[in-house]
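The values are calculated or read from the model by the stated rules, or taken from the named source; none is laboratory data. As the structure is a prediction and not an experimental result, all values here were calculated from the model. Reconstructed Cβ throughout: ideal geometry from the backbone, glycine too, with neighbour counts over all protein chains shown.
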Amino acid sequence: MSPASLAAELCERTLARAGLTYLAEPGDPALGALLGICEPEEILAAIKADMLPGTGPGCGDSPASRAALERALGRWRIRLPKLPSAADIAGACRDGIRLVCPEDPDWPGGLDQLGPARPYALWLRGNTDLRHSCQRSVSVVGSRAATGYGAHVAGEIAADLAERGWVVVSGGAYGIDAAAHRGALATRGITIAVLACGVDFPYPAGHAELFADIAAHGLVISEWPPGCHPARMRFLVRNRVIAALSCGTVIVEAGERSGALNTARHAAELGKPLMAVPGPVTSAQSAGCHRIIREWGASCVTRAADIIDLLSPLSATDAPAPAGAGSAGAGSAGAGSAGGRGPATLPGPGPTSPAWDPALPYDDLDADTTRVLDAFPARGGAGTSTIAVDAGVDLDTVLRCIGVLAGYGFIERGDDGWRLRRPG
Amino acid sequence: MALARTHSVALIGVTGQVVEIEVDIANGLVATILVGLPDTALREARDRIRAAITNSGEEWPHRKITIGLSPASLPKRGSWFDLAIAIGVLTAAGTVPRAAVDGVIFFGELGLDGRLRPVRGVLPAVLAAVDARFGKVMVARENAAEAALVPGVRVIAVSSLTGAADWLRGTPGLHDGLPVTELEGGQPLPAGHVLNVGSGARGPAHNDAAENDAAKAAGPGAVATPDLAELLGQAMARRAAEVCAAGGHHLSLLGPPGAGKTMLAERIPSILPRLDTTAALEVTAIHSVAGTLPPRVPLLTDPPFLAPHHTATKAAIVGGGSGIIRPGSASLAHRGVLFLDEAPEFARDVLDALRQPLEAGEVVVARSGVTARFPARFTLILAANPCPCARAAGPAEGCSCSPTTRRRYLGRISGPLLDRVDVKIELEPVGRTELLNDRSFAESSRTVALRVLAARERAAHRLRGTPWRLNAEVPGSELRRTWPPAPGALRVVERSLERGQISARGVVKVIRVAWTVADLAGRPRPTRDDCDTALGLWLGVRR
């Protein structure tokens, strides 16, 4: 497909938004406000023509805002020579790079909370659905100068989150960000890197391969158009997108003046759950984490399960359970399991039995496993074959059920073989 | 001026390299000079060969004889160059036609009377000869059967230097009474072949079908093969043995004395499939170099079972020794089982020396000048008592070891070694009820072996195109990436991980074992049931 025909496919509005990303710095309040009342095509045309767009309500009401708008116009016009043609923009949209606009179906709704600071459009590398990915996502960010502890924890948390179907959002920097991305990739999860430069510009350069991996299994996204270089201020502007994209933000390691605290502030301002991983109290690298726990009321989290619990208060802790496996709420220990267990016809330790432990997921056991559990003697251990005979099932089933029961903590290994675990 | 060239093979570990032997007879002071990094045994060859030639009725040339072995940089050890050198001298002296020695590898030690003695390492030497495109090998009669294992070679079995010289002159059997026999390599030998000399004594681990039947026919008194069904009351242990045999997983057995740890380990070879031709040749080559081949059976088709004593040295386990580098137990157990009974009693450096073969599947022994590589891909079985006093636990039994002592005792097996073990089980003393109940479940080795064979074929089919053949060989990262279990299958395992019963590394092992369990059950992919069974095998040890 030639760039020209592709350009024809990109609608006028998309092209206008793409053009605006070339002209204005993301997060420009003037453009944000203007986009709220005018169509992007009008704004682009107005910039090109060096005249203010039609005076609608709120647009240039007062002389002061009128002057501010004129200054902004001058600012945007400086970059007009750099504005690529429609064909060039379409050309950029090949090679796996695409543009997502607020009008598009895969625009993540979370970004709309940013109001006037909402990105004009997002450049994406990767084929994953952005909107869908962001619905169960956590941003894991932290300092670039991470300690071994921080990198380890970030990687573990990200891997666990990814394993449970959560998407890990981070900034693609060295240190915590990289550990989080790698952790998610290690378990073949989806991860999103939000960059402060063009998606085709690997910064830091050492992460070129990491970004390629992320693009292959997730998304590399940016507000800046392809080819754009990073700048110091851009990272701070970018942080609001990280906070807004995800359902919650976890700060793994941050010093007192870390940029991660900027992300944390955005998350707090957006009313998103803010979490921090504690570190050694003596570690300067964790001082920022401790401060946001102390002063901003961030939740103290230590593992992926904590994060998921915080983000889904109704305890939808896991990916949708396989059909037929257990009943609702079976994944959460103690939640509603006292209501009864298994098929009612099966005898077994009820709430009055000494082996009854309300913390154990009785609802999760199938008929065979319940039968095997019932075959265990109340005291002491028993051999595998004895249990098979008592339960009336074959040896393979007993061995399988022993795995389930030991995994859930119903039974344990003793001197004389497997035996019931005493609660408490 | 007379120059002759013959060929023999130098062995480095189990790899052979063809060595060219040049003999030059020139005018000068009467002397015999041997050059080309010979060792002591080879230096002595001068005198042996001279006596052998004279006593065979040939004439020793009384001139200056220079014998060169090339490549000169390769250290050459051993006595099997005798025949090649002697034939070289005869050829240089013009008593044997030059054309006859072309394309022949000579491999054998000479006695002073001219007899040809059998040597070790014939199989790897012949393999090297075939690789170097030599079509004929001349070996001692006793080595002929072993040499004939290699396809594409013509084996000339002679019993003396006279016989060899007669054959080369085109007049076989002229002087020597015993006939020279020629064999085509790679063909099954007829039973009771004339070449099968020796006492016929065989180790208990090397039972072939014929002998099995013979043992049965012999009735009571004959040694029966150990059978898995005899391990009554240890259903979980039997299952663990089956899984380990099918997936090649290393196994750790913990339990008080008398629980059946040794009994179980000894029965694992009975459920392992027989070696295929390639594996059998590999194993036979190692045993050939070690000199542990049973004389009557040149090809080992049963997986070897090695149970070194806990006083064994590092060299005995991984191989070594000065002079000729000999394979150790780890290599002798290649494609079979290495059983370390009382594992904590082994010296720590001996156990740690096993880490490299466990990782790489081969042992590398470096010496000045040469580095020998021995294949060592074995199934490791560790057995340990829970405490050093080796008395069963419980107040009545008299074990008074403190928990610290017990911990320290088991701590002697280093973490990195245990990390390679996929299945850990604990055996408990068996009660009467369990014995009775287990009677209906115990299966014979034959039944289990069939399942193991089918599971291995299934795994090999799945792993085709990869460097691995068994589930145990697949690295964890690859396992998680390419062969994850069915969705939702890890539900209980994850739960166990959250409860802290199992580490992330443990999860990988459970997945690996779950694949073997699925293979044994004939399922294409581990289901939740398979993962649960594997979890049970993993959680079966108190920690």
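Hey, among B:G328, B:G291, B:G336, which residue is surrounded by 24 or more Cβ atoms within 10 Å (Cβ to Cβ), assigned by TED's automatic domain parsing to the domain that holds B:R420 and among the small types (G, A, S)? Spell out how you get there, then give the answer.
Working: B:G291 fails: surrounded by 24 or more Cβ atoms within 10 Å (Cβ to Cβ); B:G336 fails: surrounded by 24 or more Cβ atoms within 10 Å (Cβ to Cβ).
Criteria check complete, one pass: B:G328.
Starting from residues that are in contact (Cβ under 8 Å) with a residue 12 or more places away in the chain and in a helix (DSSP H, G or I), keep the ones in the stretch B:495-506 and report whichever is farthest from the other protein chains (Cβ to nearest Cβ). Even if it seems obvious, please write down each step before you answer.
Initially, the stretch B:495-506 is screened for residues in contact (Cβ under 8 Å) with a residue 12 or more places away in the chain, giving B:496, B:501-502, B:505-506.
Now narrow it down to the ones that are in a helix (DSSP H, G or I): B:496, B:505-506.
Working: B:S496: 4, B:R505: 13, B:G506: 11 Å.
Applying the filter and picking the extreme gives B:R505.
Name the one entry in B:G94, B:G78, B:G68 that is within 17 Å of B:T40 (Cα to Cα) and either out of contact with any Asp or Glu (no Cβ under 9 Å at 6 or more places or on another chain) or not in a strand (DSSP E or B) (or both).
Working: B:G94 fails: within 17 Å of B:T40 (Cα to Cα); B:G68 fails: either out of contact with any Asp or Glu (no Cβ under 9 Å at 6 or more places or on another chain) or not in a strand (DSSP E or B) (or both).
The conditions single out B:G78.
Let's see how each residue does on (1) assigned to a helix (DSSP H, G or I); (2) more than 7 Å from every other protein chain (Cβ to nearest Cβ); (3) crowded, with 19+ Cβ neighbours inside 10 Å:
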| position | (1), (2), (3) |
| --- | --- |
| B:V493 | yes, no, yes |
| B:V508 | yes, yes, no |
| B:I511 | yes, yes, yes |
| B:T516 | yes, yes, yes |
| B:R523 | no, yes, no |
| B:P526 | no, yes, yes |
| B:C531 | yes, yes, yes |
| B:G540 | no, no, yes |
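Only one residue in A:P358, A:P322 is exposed (fewer than 15 other Cβ atoms within 10 Å of the Cβ), modelled with pLDDT under 50 and not assigned by TED's automatic domain parsing to the domain that holds A:G150, so which one is that? Steps first, please.
Details: A:P358 fails: modelled with pLDDT under 50.
The unique qualifying residue is A:P322.
Can you name every residue in the stretch B:477-491 that is in a helix (DSSP H, G or I) and more than 8 Å from chain A (Cβ to nearest Cβ)? Give the derivation first.
Initially, the stretch B:477-491 is screened for residues in a helix (DSSP H, G or I), giving B:477-482, B:491.
Selection gives B:S477, B:E478, B:L479, B:T482.
Quick one: how many residues across the stretch B:421-446 are modelled with pLDDT under 85 and closer than 30 Å to B:V474 by Cα?
Total satisfying the criteria: 0.
For the stretch B:412-452, which positions are of a type in the set (D, E, K, R), more than 12 Å from chain A (Cβ to nearest Cβ) and more than 20 Å from B:V513 (Cβ to Cβ)? Show your work before the answer.
At the first step, the residues of the stretch B:412-452 found to be of a type in the set (D, E, K, R) are B:412, B:419-420, B:422, B:424, B:426, B:428, B:432, B:434, B:438-439, B:443, B:446, B:451.
Going one step further and asking which of them are more than 12 Å from chain A (Cβ to nearest Cβ), we end up with B:412, B:419-420, B:422, B:446.
Across the stretch B:412-452, the qualifying residues are B:R412, B:R446.
Can you name the residue in the stretch A:274-291 that is of a type in the set (A, V, I, L, M, F, W, C) and surrounded by fewer than 23 Cβ atoms within 10 Å (Cβ to Cβ) and is also farthest from A:L245 (Cα to Cα) among such residues? Full working, then the answer.
Start the filter on the stretch A:274-291 by keeping residues that are of a type in the set (A, V, I, L, M, F, W, C), which leaves A:274-277, A:281, A:284, A:287, A:289.
Still in the list and also surrounded by fewer than 23 Cβ atoms within 10 Å (Cβ to Cβ): A:281, A:284, A:287.
Details: A:V281: 31, A:A284: 29, A:A287: 26 Å.
So, considering only residues that are of a type in the set (A, V, I, L, M, F, W, C) and surrounded by fewer than 23 Cβ atoms within 10 Å (Cβ to Cβ), the one farthest from A:L245 (Cα to Cα) is A:V281.
Return a yes/no flag: does the stretch A:136-155 have any residue that is touching a residue at least 60 places away in the same chain (Cβ under 8 Å), more than 21 Å from A:C300 (Cα to Cα), assigned by TED's automatic domain parsing to the domain that holds A:G218 and within 16 Å of the chain's Cα centre (by Cα).
No, the conditions are met nowhere in the stretch A:136-155.
Taking the options B:L127, B:L123, B:L116, B:L149, name whichever one is under 24 Å from B:T91 (Cα atoms) and either of a type outside the set (V, I, T) or in a helix (DSSP H, G or I) (or both).
B:L116
Just to verify a result, which residue in the stretch A:100-141, among those that are more than 24 Å from A:I176 (Cβ to Cβ) and polar (S, T, N, Q), is surrounded by the most Cβ atoms within 10 Å (Cβ to Cβ)?
This residue is A:Q113.
Need pairs with beta-carbon distance below 9 Å; first residue at positive phi and within the stretch B:514-543, second surrounded by fewer than 24 Cβ atoms within 10 Å (Cβ to Cβ) and basic (K, R); sequence gap 6+ or separate chains.
Taking only residues 6 or more apart or on different chains, the pairs are B:G522/B:R451; B:G522/B:R458.
Is it the case, given these coordinates, that B:I33 is in contact (Cβ under 8 Å) with a residue 12 or more places away in the chain, loosely packed, with under 15 Cβ neighbours inside 10 Å and part of a strand (DSSP E or B)? Walk me through how you get there before you give the answer.
Details: in contact (Cβ under 8 Å) with a residue 12 or more places away in the chain: yes; loosely packed, with under 15 Cβ neighbours inside 10 Å: yes; part of a strand (DSSP E or B): yes.
In short, yes.
Kindly indicate which of A:I214, A:I157 is of a type in the set (A, V, I, L, M) and away from chain B (no Cβ under 14 Å). Lay out the reasoning, then the answer.
Working: A:I157 fails: away from chain B (no Cβ under 14 Å).
Step by step, each of A:I214, A:I157 is checked, and only A:I214 is of a type in the set (A, V, I, L, M) and away from chain B (no Cβ under 14 Å).
Looking only at the stretch A:382-421, count how many residues are more than 45 Å from the chain's Cα centre (by Cα), more than 7 Å from every other protein chain (Cβ to nearest Cβ) and under 24 Å from B:I502 (Cα atoms).
Number satisfying all stated conditions: 1.
Quick check: anything in the stretch B:339-352 crowded, with 21+ Cβ neighbours inside 10 Å and under 12 Å from the mean Cα position of the chain (by Cα)?
no
Being in contact with an Asp or Glu (Cβ under 8 Å, 6 or more places away or on another chain) and basic (K, R) is the filter here; which residues of the stretch B:1-46 pass it?
Listed by number, the list holds a single entry, B:R5.
Return a yes/no flag: does the stretch B:63-74 have any residue that is surrounded by fewer than 23 Cβ atoms within 10 Å (Cβ to Cβ), closer than 18 Å to B:V122 by Cβ and modelled with pLDDT of 90 or more.
no
Given the criteria modelled with pLDDT of 90 or more, among the β-branched types (V, I, T) and under 18 Å from B:A128 (Cβ atoms), does B:I53 qualify?
Working: modelled with pLDDT of 90 or more: yes; among the β-branched types (V, I, T): yes; under 18 Å from B:A128 (Cβ atoms): no.
It is false that B:I53 is modelled with pLDDT of 90 or more, among the β-branched types (V, I, T) and under 18 Å from B:A128 (Cβ atoms).
Quick grid of which residues meet (1) in a loop (DSSP other than H, G, I, E, B); (2) within 14 Å of chain A (Cβ to nearest Cβ); (3) modelled with pLDDT under 90:
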| position | (1), (2), (3) |
| --- | --- |
| B:A222 | yes, no, yes |
| B:R238 | no, yes, no |
| B:A245 | no, no, no |
| B:A279 | no, no, yes |
